[in-house]
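Only one structure is covered here, and it is reproduced in the block below.
The values are calculated or read from the model by the stated rules, or taken from the named source; none is laboratory data. From a predicted model like this one, the values you see are computed outputs, not experimental measurements. Heads up, the Cβs are rebuilt from the backbone with ideal geometry, glycines too, and the neighbour counts pull from every protein chain shown.
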Amino acid sequence: MAGHEIPEPADRKQVADPGSEPLTVEESRPSCDPAFRHGVVVGFDGSMSSERALAYAIGMAHRHSSGLIIVHVANRLPTTVWAGCEPPVFVDVPDHRTEVLGLELACADYLAEVPWVLVERGGDICHELEEVGREYSADAIVVGSTHGIVGRIFGSVAGRLARRAQRPVIVIP
């Protein structure tokens, strides 16, 4: 019809034609800040081993002139799982520990050298660290090692992650 125009989308991207090819996985993924693409992912929970891993990851990101993606994974499984019972549902309780860690990191002078972001996830630590690494196309994942009886009984996060990750995993003792 004369005088009728198809409006452009608000984000100024071209609307796909019905006959065009589907988007690839890379194109369909939500984009993240370019400063953090190919950055360094580090698991952090405030423990001594995670603080050592964070210190190493800061140095690595600084040497590579890349961003640092600090990931805190809140394990939101009910205690019945640890007792061997099936959970009725997964508990989605807000984790205020991430908020406290974020405030501590924001006040830390040693993070002034690199751009960083704190990402909160809930669920299995290994899965979530690998997922964040995939989302940001991370060059490496840095984690602290687990010492003691807990790591021997349940298996360490570092060991499980090293066996299944699709990118290099650096384990800091």
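List of remarks:
- Annotation note: Cβ proximity below 6 Å between a residue of segment 156-172 that is modelled with pLDDT of 90 or more and a residue that is of a type in the set (Phe, Trp, Tyr) (sequence gap 6+ or interchain) occurs for ILE172/TYR56.
- Taken over segment 34-54, the criterion of being surrounded by fewer than 19 Cβ atoms within 10 Å (Cβ to Cβ), of a type outside the set (Gly, Ala, Ser) and part of a helix (DSSP H, G or I) is satisfied by PRO34, MET48, GLU51, ARG52.
- Out of GLY151, GLY133, one residue alone is at pLDDT below 90, surrounded by 13 or more Cβ atoms within 10 Å (Cβ to Cβ) and not in a loop (DSSP other than H, G, I, E, B). It is GLY151.
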